[in-house]
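Heads up: the structure comes next, in structure tokens.
The values are calculated or read from the model by the stated rules, or taken from the named source; none is laboratory data. The structure presented is a predicted model; accordingly, all values stated were derived computationally and were not measured. Glycine also receives a Cβ, built like all others from the backbone with ideal geometry; neighbour counts cover every protein chain displayed.
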Amino acid sequence: MNKNGKSRGREQSAPNQLRLPLRGLARAALWDTVMIAGLGFVEEEMEAERAALCGPRYAHLAERQALRSGHVPSSLVMGGRRVKVERPRARSVDGHELSLPSWRAWSSRDPLDERAFEQMVLGVSTRGYARSLEALPSEFEVRGAGKSAVSARFVVGTQRRLVELMRRDLRGLGLVALMIDGGHFADHVVLAAVGVENNGQKHVLGLREGATENAAACKALLADLIERGLNPARALLVVIDGAKALHKAVSETFGARMLLHRCHAHKKRNVTDALPERMRATVRSAMNQAYATRDAKRARRLLENLARRLESAHPGAAASLREGLAETLTVMRLDLPESLARVLSSTNLIENLFSRVRDTARRVKRWQGGTMILRWTAAGVLEAERHFRKVAGYRALPKLVAALRAHDAALDRARRVENDQRAA
């Protein structure tokens, strides 16, 4: 307390309270100054380029090659929207419009499309887009930040990424595993293929949309991958969700060259869906214990015993468990380290991708056809791919490569023996 009975702390806090709004005002003033100065530089640069074409203003030049032609209202991309500028014009002596180099570079729509795409992928709605942008000085006339304009630019951005994804060259990838799974969006199914390289890197390889997860859509996806460089004549670990159509398409495409594995997560889901709620946790736990044994023979024995226990009261669940049972143990038979085996035993990687797509598209109220679904899916999976890391246990991938090459060698030997027997 001072002699007047007032708190000394309050007197000292007053200057600090004043300083805070002053800082905000200073920051806003600095931002306005920078933006206005930047636009002034743009106008000066274009005027300098016009002077280089036309010569000094009001000068009489006998060999003049271009003439000034006033200004025309135009716009440039700035901070995620278009800002009105007066563009200087120049014409050749025979009347043709001349383009200024800086204008060609600065007037591109690409930065605007990219900004809209990035904001939408990060969860900003079309209505909230304008509020998400940095404020511009009041002197600026802006457009292109409305709902319709942003939506149109997002369509352009997603279409571009979908085309880029579907044109990826796969010939340079050392793929050792291929995962395929489908995600449901309204009445459509999108099949996604993800590849794992021998160095542990993961790549989104392609997408395919269909009304159902049928064999035709699966074959079309695989045919597209092969056309872009996937080698079907070399052994590959193929991990699928267990759908019969997908199983058929993969088997017909790769034949004996593939090592087919069915996803553990889908198998457990299919079995427990055929059971009453009270039994699901117990059966799921029993299947988890079997798959955790890391011994293919013992795991198969445990699962067959479980099927026998279920057969009398729940034959549907027992049949679901037995269907493709051996194919759920393919990765286990390869004797890979636990961390790598866990990754390759399910298609959870793709389910995580679709989760990212649904998160990105959470504001979509109505899907307007398969093309829209594919565009949003491409945007979501490519955004997720930016954060991909190597698969867990990737240092053990040489063991998988050795198993695949051994499988190739065994098939080649069997083919030579068969050819020799036919020749004899």
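Per-residue answers, yes or no, for (1) among the charged types (D, E, K, R); (2) exposed (fewer than 13 other Cβ atoms within 10 Å of the Cβ):
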site: 227; (1), (2): yes, yes
site: 239; (1), (2): no, no
site: 251; (1), (2): no, no
site: 256; (1), (2): no, yes
site: 286; (1), (2): no, no
site: 296; (1), (2): no, no
site: 301; (1), (2): yes, no
site: 307; (1), (2): no, no
site: 310; (1), (2): no, no
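Using the structure shown, decide if residue 126 is among the polar types (S, T, N, Q), touching a helix residue (DSSP H, G or I) at 6+ places or on another chain (Cβ under 7 Å), surrounded by 16 or more Cβ atoms within 10 Å (Cβ to Cβ) and modelled with pLDDT of 75 or more.
On the way: among the polar types (S, T, N, Q): yes; touching a helix residue (DSSP H, G or I) at 6+ places or on another chain (Cβ under 7 Å): yes; surrounded by 16 or more Cβ atoms within 10 Å (Cβ to Cβ): yes; modelled with pLDDT of 75 or more: no.
For residue 126, the condition - among the polar types (S, T, N, Q), touching a helix residue (DSSP H, G or I) at 6+ places or on another chain (Cβ under 7 Å), surrounded by 16 or more Cβ atoms within 10 Å (Cβ to Cβ) and modelled with pLDDT of 75 or more - is not met.
Within the group 235, 192, which residue is buried (at least 17 other Cβ atoms within 10 Å of the Cβ) and in contact with a Gly (Cβ under 8 Å, 6 or more places away or on another chain)?
It is 192.
Residues that are in contact with a helix residue (DSSP H, G or I) (Cβ under 6 Å, 6 or more places away or on another chain), modelled with pLDDT under 95 and outside any helix (DSSP H, G or I): does segment 380-390 have at least one?
no
Of the residues 162, 175, which single one is among the aliphatic types (A, V, I, L, M) and more than 30 Å from residue 341 (Cβ to Cβ)? Explain how you work it out, then say what you get.
Details: 175 fails: more than 30 Å from residue 341 (Cβ to Cβ).
The unique qualifying residue is 162.
Could you list, in sequence order, all residues of segment 223-259 that are without any contact (Cβ under 8 Å) to a residue 40 or more places away in the chain and either within 21 Å of residue 374 (Cβ to Cβ) or within 20 Å of the chain's Cα centre (by Cα) (or both)?
Scanning segment 223-259 gives 223, 226, 227, 245, 249.
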